[in-house]
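All remarks here apply to the structure that follows.
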Amino acid sequence: MQKLCQKIDKNQMKRLNLRLIFNQVQKDGAVSRAQLARETGLSSMATGRLVDEMIHVGLLEEVDNKEDVLSTVGRKSKMVQVSAHKIRNLGVEVAANHITVGEVDFYGNVIDSVTYQENFSRATPEYVCNRIAAMIQKKMCALKTGQRYHTCGVVSPGIIDCERGVIRFASCFHWKDVPLAELISKTTEIENVLLDNELKARSKAEELFGAAKGYEAAAVLNLGKGVGSSLIFRGEVFRGNANMAGELGHVCINPSGTLCQCGKRGCLQTFLSLDSILSDARKLEPSITAQEFFAAHQRGEDWAVRILEHMASYAAVAVEMLVQLYSAEKVILCGEIPELYPDIAEIIGNHYHHQENNMFQKNAEICCSPLAERGNLLGAGTMAFYHELDCIFEQLC
């Protein structure tokens, strides 16, 4: 029994050290073995052995030290970096009005993606899965002979049970208790299908590649068809009980207000969503589009300014909630509104900073996500990568 415990402890320690080295290489880019040993605190011998194992399985690769390229004296030193061109993962973004399927590498690049536009708000889960399968099959046909995807990360709006791969509730689809991961796995014949909330997956991508990089606590606030949030703290996503943390859009702020998709009245989403903006705008301009509305605001038309300022005042309340509840240092805006109109960050910031008049209010940065429309897909692909990474580390132990 004692030998078994010692073996388990040894294997666990090796997995932790493998991840420690890999994360450091991913953070630094090309780095020497000696520098890795210094940064991780591991011995030079242990670092070299673990690096060699990861090179052997294709996670890392050796490259020439750029500083030595011009030198003609002595042996050229070698650096190691993540094998980004070898490690690509399949990600799927499922939204109310589109599905995107694409390959993602571990440096935050979308290698190849395709988007299918359709209104899925009343579609059945089976119909959506068939559409996803057709898109994935098309990508598989482009792979080399014998290659296939073993893992796929899927992100969706709604309350997600990650362990079971079930959408517990998604108001935008009118779905309840849908085993989406299992349905996609059966339809595509991909063994490992991972499912998570789109914002929670995205927040990890923001921490690795986007605006949350280098921050201890950062929040992602989605402003689009729906409204939601996610917190990344010390590199980990805060999930709360039943993965329900961050459902900010369905906090009721006016019990007698407008009816929300979730069935309640006066949810914050009814003040902040793109639909609520357009609903107000169409009382004056019945056929106006989102692009036309933001163009009118850009021109300074009074009616458009009033509508967006009203929305921004409530968005500032949402920002303040995230800062006060989670002590977020930065709030990152994503979704259709900031993608269509990046000026929204400054407008919301003006309302938020105007409220900074007490000792309890912490100053937080507000910005639009640099990942833009590819952020959710990056989150899905990154989720798949970490699953594959854990499987490889398990084999090495």
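Mind checking which residues of segment 327-337 are over 12 Å from Ser203 (Cβ atoms) and surrounded by fewer than 23 Cβ atoms within 10 Å (Cβ to Cβ)?
Result: Ser327, Glu329, Glu336.
Taking segment 33-47, which residues are small (Gly, Ala, Ser) and either under 25 Å from His387 (Cβ atoms) or buried (at least 16 other Cβ atoms within 10 Å of the Cβ) (or both)?
The answer is Ala37, and nothing else.
With Ile132, Ile136, Ile184, Ile167 as the choices, which residue is within 29 Å of Val319 (Cβ to Cβ) and either open to solvent by less than 20 Å² (accessible area, probe 1.4 Å) or without any contact (Cβ under 8 Å) to a residue 40 or more places away in the chain (or both)?
Within the list Ile132, Ile136, Ile184, Ile167, the selection yields Ile167.
Of all residues in segment 196-247, count the ones that are modelled with pLDDT under 90, on the phi < 0 side of the Ramachandran plot and crowded, with 24+ Cβ neighbours inside 10 Å.
Residues flagged as modelled with pLDDT under 90, on the phi < 0 side of the Ramachandran plot and crowded, with 24+ Cβ neighbours inside 10 Å within segment 196-247 amount to 1.
Does Gly48 satisfy the criteria of being of a type in the set (Gly, Ala, Ser) and touching a residue at least 12 places away in the same chain (Cβ under 8 Å)?
Here the answer is yes, as Gly48 does meet what is asked.
Identify, please: which residue in segment 104-126 is open to solvent by less than 60 Å² (accessible area, probe 1.4 Å) and in a loop (DSSP other than H, G, I, E, B) and is, among those, nearest to Lys138 (Cα to Cα)?
Out of the qualifying residues, it is Glu118.
Conditions (1) modelled with pLDDT under 95; (2) open to solvent by less than 10 Å² (accessible area, probe 1.4 Å); (3) out of contact with any helix residue (DSSP H, G or I) (no Cβ under 9 Å at 6 or more places or on another chain), marked per residue:
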{"position": "Gly300", "(1), (2), (3)": "no, no, yes"}
{"position": "Met321", "(1), (2), (3)": "yes, no, no"}
{"position": "Ala345", "(1), (2), (3)": "no, no, no"}
{"position": "Met383", "(1), (2), (3)": "yes, no, no"}
{"position": "Glu388", "(1), (2), (3)": "yes, no, yes"}
{"position": "Leu396", "(1), (2), (3)": "yes, no, no"}
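Asn97 - would you say it is open to solvent by less than 70 Å² (accessible area, probe 1.4 Å) and modelled with pLDDT under 85?
For Asn97, the condition - open to solvent by less than 70 Å² (accessible area, probe 1.4 Å) and modelled with pLDDT under 85 - is not met.
The values are calculated or read from the model by the stated rules, or taken from the named source; none is laboratory data. Everything numeric in this text was worked out from a predicted model, so none of it was measured. Note: ideal-geometry Cβ built from the backbone for every residue, glycine included; neighbour counts use all protein chains shown. For accessibility, only protein heavy atoms count, side chains too; no ligands or nucleic acids. Shrake-Rupley method; radii C 1.70, N 1.55, O 1.52, S 1.80 Å.
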